[in-house]
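First comes the structure, then the notes that go with it.
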Amino acid sequence: MDIISLQNPRVKHIVKLRDDKRTRKDEGIMLVEGYDEIQLAISAGHKPATLLRFDYAAQREPEIASRSISGLSAETLSVSRAVFEKISYRENPDGWLAIFPIPHTSFDDLKLSETPLVVVAESIEKPGNLGAILRTADAANVDALIVCDARVDVWNPNVVRASRGAVFSVPIVEGNNASALEWLKSRKMRVLAASPSAEEIYSEVDLRSPVAVVVGTEDAGLTDFWMQHADVKVKIPMMGKVNSLNVSVSTALIIYEAMRQRKAGG
């Protein structure tokens, strides 16, 4: 076993990576926990710098150990139960954790489909919401997620966990509102703003052309910037006493409506 002490400098460094956004940003590395999430990252072309496993994981599933490590140049370390509990950020860990370089994607790197569908998330502040949006984007094969003026670190371990690793399968560009709008307009994409104050219902708007679905926070919604620059504003009908849905749910409804229309129109 490579690491058994909680006082090991590597353990302290991993805990700092887990908890501190500045450390992740300065060092350009992030944590990914869970065998499935690690495998998704690897299958998307990302290579871990370090693989750590609680020894029982390798003993219980030796084929997983060999498949995970085979063909990778990553440093591999086995750790004690106490150490893994110290560095883990999941409630029921499966014994696998890796350190990956943070992916860096720019607008110029994006490769769009013939009829692109993009999500713009403005000022999302909860890791669970951003992670859920990423899962929807992956499931619907969305071309990209543009994160504008984020209040949560995209590479926060809780975002990675909530996305089930979709942070690696969905191209993500971080930027500000102005740069995002400029890029969308240069690609001749319609800007659709989701807002409870809109008059048009989302399912009654044509979503078959290239479109960017822009969503904001649940408490404040979208800023005036997007409301003023949107080509169309839509709402989701609310029949009860609550006037809005969770932002990840709203995003999923609109994205899947776009999919439905495009399939029906094809």
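Quick look at the values:
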read-out: Residue selected from the stretch 190-212 under the condition farther than 20 Å from Lys263 by Cβ and touching a residue at least 40 places away in the same chain (Cβ under 8 Å), by the criterion surrounded by the fewest Cβ atoms within 10 Å (Cβ to Cβ); value: Pro196
read-out: Search result, residues across the stretch 88-136 that are assigned to a loop (DSSP other than H, G, I, E, B) and of a type in the set (Asp, Glu); value: Glu91, Asp94, Glu114, Glu125
read-out: Among the candidates Ala41, Ala65, residue that is part of a helix (DSSP H, G or I), modelled with pLDDT under 90 and either touching an Asp or Glu at 6+ places or on another chain (Cβ under 8 Å) or not hydroxyl-bearing (Ser, Thr, Tyr) (or both); value: Ala65
read-out: Subset of the stretch 1-19 (residues that are of a type outside the set (Gly, Ala, Ser) and part of a loop (DSSP other than H, G, I, E, B)); value: Met1, Asp2, Ile4, Leu6, Gln7, Asn8
read-out: Search result, residues across the stretch 102-127 that are free of Cβ contacts under 8 Å to residues at least 40 places away in the same chain and either within 22 Å of Ser248 (Cβ to Cβ) or touching a His at 6+ places or on another chain (Cβ under 7 Å) (or both); value: Lys126, Pro127
read-out: Some residue of the stretch 213-229 being assigned to a loop (DSSP other than H, G, I, E, B), among the polar types (S, T, N, Q) and touching a residue at least 60 places away in the same chain (Cβ under 8 Å); value: yes
read-out: Matching entry among Ala144, Ala139, Ala178 (being outside the structural domain of Thr50 (by TED's automatic domain parsing), farther than 26 Å from Asp19 by Cα and buried (at least 17 other Cβ atoms within 10 Å of the Cβ)); value: Ala144
read-out: Yes/no for Val167 being closer than 25 Å to Ala258 by Cα, at pLDDT 95 or above, in contact with a Phe, Trp or Tyr (Cβ under 9 Å, 6 or more places away or on another chain) and in a helix (DSSP H, G or I); value: yes
read-out: Sole residue being in contact with a Ser or Thr (Cβ under 8 Å, 6 or more places away or on another chain), at pLDDT 90 or above and buried (at least 16 other Cβ atoms within 10 Å of the Cβ), chosen from Ile87, Ile99; value: Ile99
read-out: Conditions (1) assigned to a helix (DSSP H, G or I); (2) modelled with pLDDT under 95: number failed by Leu72; value: (1)
read-out: Residue in the stretch 214-232 that is on the phi < 0 side of the Ramachandran plot, surrounded by fewer than 22 Cβ atoms within 10 Å (Cβ to Cβ) and either in the same structural domain as Glu33 (by TED's automatic domain parsing) or touching a Pro at 6+ places or on another chain (Cβ under 8 Å) (or both) present; value: no
read-out: Answer residue from the stretch 4-24, given it is surrounded by fewer than 20 Cβ atoms within 10 Å (Cβ to Cβ) and touching a residue at least 12 places away in the same chain (Cβ under 8 Å) and is nearest to the chain's Cα centre (by Cα) among those; value: Lys21
read-out: Residues of the stretch 230-266 that turn out to be modelled with pLDDT under 90 and part of a loop (DSSP other than H, G, I, E, B), as a count; value: 9
read-out: Criterion: among the basic types (Lys, Arg), at pLDDT below 95 and either in contact with a His (Cβ under 9 Å, 6 or more places away or on another chain) or not in a loop (DSSP other than H, G, I, E, B) (or both) - qualifying residue of Arg161, Arg151; value: Arg161
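The values are calculated or read from the model by the stated rules, or taken from the named source; none is laboratory data. Worth saying up front: this structure is predicted, and the values here are computed from it rather than measured. Methodologically, a virtual Cβ is constructed for each residue, glycine included, from the backbone with ideal geometry; neighbour enumeration extends over all protein chains shown.
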